[in-house]
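Here's the structure we're looking at; comments come further down.
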Amino acid sequence: MNSRLRRFLSFSSVPLLLSCGAAAVSDTPAEALAVQTQELATGTPAGIGVVMFLNEYALTFNQLDTQVPLNALAAQSIINYRFGPDGISHTADDKRFVSIEQVDALPQVGPAALAALEAYARGTGRVELPVDGWVGTYQGVSFNVSEARRALAVVNTQSLTALQSTYNVPSAAANAMVAARPFYDILTLGRLPAVNTVALQNLKAATQLGEEGDACTGAGTCGTNLHCEGKPYDASSLYGRCVTTLAIPGDHESCSRFVPCQEGLACHGLDSGATEGWCRPAWMSGEFTAYADLTLQGNTTPLTATQAVVGLATVPEDITVELDLAHNNPSKLVLTLEDPGGETALLWDGPNEGTPPKRIPVTRGIPRDGTINGLWKLHIVNPSGVGNGKLREWKLKLTSRWD
């Protein structure tokens, strides 16, 4: 990634305010603080979403110029690259992007254009996000994935009368919504003429009760027979998850690779190497991916990549780390995993164990009565100082139980 792109602070941490089709920088809303940081780089969800959009067969200058919207010079620069030397679409010399770095290197494409492209990709659903992932801010109203889904479900299905009386949407906005539906993304709804701050704020307020699996912020934010579980105490995220309070048949029964649990349950213990495990509610399992893009250049002092874990029970059972690590001397690396309570495990000792595998079950160091929800840390050090590379991403696969 070149230095100009590195200086670009991703949309994941600095939201933009989208109003009437224009983009302008706004202060970071509280909701965005909980979003997993995803630098706009090749291989991240945001990077993949932008590149996929720019490679779409039907991409046009008008779409970039008026819908994203980009500066006309930046839009033309992208079209010039895509359409190739002859300037005509869908001919043999057309090109496609393979990385964000290629986009960033184009003339007239800078931080503002990259931010606008990420905003458009997020708002139109081209970026894969967790349910508490920040989608965008429209007319001053911020939406995460859960909130956007609930709002669109109401707008697409409720009658004009219900939109006005039950959801407190002003008359002009309600009529505009009904006339333009169905909506398949929150950006289109947020930019609809006559849909203002009041309409979106009232709609969001009236659809606050989360469904099972939705992001939640505490007591009273989930629907019937649900409660908010797994909100970290260390403030690494503002969110937990709405989980059922009802008993699930088969909970605590034995299971294996060949004898699965009943629907709604997951088999714990197998990822730690056991041949027989036990069934627990499926929400007590989770996968959490950090898009680190951490450069490792002979680092004799530890470098750290972090990942917030939310929505699980209270203590860990299985802990597995998966690595996307590119390094020219990986056997020199020492990796340590730290849980939210500060307990650590020597994940891999390269000088004594060799090249770290892609998948590492954690069977030593971190106790199974410690904290699971909160900020986990992966520390990487190269005591020899020999070799260089990059940690592109890492994944935590966890199962949990009640303490």
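Side notes on the structure shown:
- Evaluated on segment 34-136, the Kirkwood hydrodynamic radius is 13.8 Å, with distances taken between all distinct Cα atoms.
- For the pair segment 96-148 and segment 206-225, the centres of their Cα atoms are 26 angstrom apart.
- Spin-label model, Ala274/Ala206: points 7 Å from Cα along the beta carbon direction are separated by 4.9 nm.
- With every protein chain in place, segment 106-218: carbon and sulfur % of accessible area (1.4 Å): 54 percent
- For Met52, solvent-accessible area (1.4 Å; no DNA, RNA or ligand), Å²: 120 Å²
- Computed label-point distance, nm, for sites Glu343 and Thr245 using a 7 Å Cα→Cβ extension: 3.0 nm
- Rounded FRET efficiency, nearest 0.05, which uses the C-beta distance separating Tyr57 from Val386 and R0 of 41 Å: 0.30
- Glu343 contributes about 90 Å² of solvent-accessible surface, heavy atoms of the protein only, 1.4 Å probe.
- Near the amide H of Val315, within less than 5 Å, lie the amide hydrogens of Arg401, Asp403, all on another chain or at least 5 residues away, with H placed in the peptide plane.
- If a spin label sat at a point 7 angstrom from the Cα of Ala180 along the line to its beta carbon, the backbone N atoms of segment 58-72 nearer than 16 Å would be those of 66-69.
- Rounded to the nearest Hz, the phi-derived 3J(HN,Hα) couplings of segment 375-389 under the Karplus curve 6.51 cos²θ - 1.76 cosθ + 1.60 (θ = phi - 60°) are 8, 9, 10, 10, 9, 10, 9, 10, x, 7, x, 9, x, 8, x, where x marks glycine and proline.
- Net charge contributed by nearby residues that have their C-beta within less than 12 Å of Ala153 (K/R +1, D/E -1): 0
- FRET efficiency, Ile88 to Gln108 (Cβ-Cβ, R0 35 Å, nearest 0.05): 0.95
- Once the Kirkwood radius over Cα pairs is known for the chain, the Stokes-Einstein relation at 20 °C and 1.002 mPa s delivers a diffusion coefficient of 92 µm²/s.
- Order of exposure, largest accessible area first, which applies to Asp104, Asp93, Asp234, Asp403 with probe 1.4 Å: Asp403, Asp234, Asp93, Asp104
- Prolate/oblate/rounded call for segment 252-403, Cα gyration tensor, a/c under 1.5 rounded: prolate
- Dividing the summed helix terms, -39500 (n - 2.57) for each DSSP H run of n ≥ 4, by the number of residues in the chain produces a 222 nm estimate of -6000 deg cm²/dmol to the nearest 500.
- Here the Kirkwood formula, the inverse mean of 1/r across different C-alpha pairs, assigns segment 203-243 a hydrodynamic radius of 10.1 Å.
- The relative contact order of segment 119-188 comes to 34 percent, based on Cα pairs under 8 Å that sit 6 or more residues apart.
- Charging the Cβ of each Asp and Glu at -1 and of each Lys and Arg at +1, and nothing else, the dipole of segment 73-121 about its Cα centre rounds to 60 debye.
- Look at the dipole of the chain built from charges on Cβ: of Ala174, Asn225, Gly341, the Cα furthest out on the positive end belongs to Ala174.
- Residue-wise HN-Hα couplings along segment 76-82, as the Karplus relation 6.51 cos²θ - 1.76 cosθ + 1.60 with θ = phi - 60° gives them from phi, are 5, 4, 5, 5, 4, 5, 4 Hz; Gly and Pro carry x.
- Using a cutoff of 8 angstrom between alpha carbon atoms and counting only pairs six or more residues apart, the relative contact order for the chain works out to 13 percent.
- Debye intensity ratio I(q)/I(0), log10, segment 150-267, q values 0.14, 0.18 Å⁻¹ (C-alpha model): -0.74, -0.94
- Along the chain, the longest continuous region that contains none of the trypsin sites (Lys or Arg not before Pro) in a DSSP loop with at most 14 other C-beta atoms within 10 Å is 97-256.
- For Val309, nonlocal amide neighbours, meaning residues 5 or more places apart or on other chains whose placed amide H falls under 5 Å from its own, are Gly374, Leu375, Trp376.
- For Phe143, Phe61, the ranking by accessible surface with the largest value first comes to Phe61, Phe143, using a 1.4 Å probe.
- Ranking Tyr138, Ala162, Cys261 by Cα position along the charge dipole of the chain, where only Lys, Arg, Asp and Glu carry charges on their C-beta atoms, puts Tyr138 farthest toward the positive end.
- Exceeding the 24 Å Cα-Cα cut-off - candidates Lys95/Lys395; Lys332/Lys377; Lys332/Lys395; Lys95/Lys358: Lys95/Lys395; Lys95/Lys358
- When +1 charges are put on Lys and Arg Cβ atoms and -1 charges on Asp and Glu Cβ atoms, the dipole computed for the chain relative to its Cα centre reaches about 680 debye.
The values are calculated or read from the model by the stated rules, or taken from the named source; none is laboratory data. Quick caveat: nothing in here was measured; it's all calculated off a predicted structure. So basically every Cβ, Gly included, is an ideal-geometry build from the backbone, and we count neighbours across all protein chains shown. Calculation scope for accessible area: heavy atoms of the full protein, side chains included, ligands and nucleic acids excluded. Shrake-Rupley method; radii C 1.70, N 1.55, O 1.52, S 1.80 Å.
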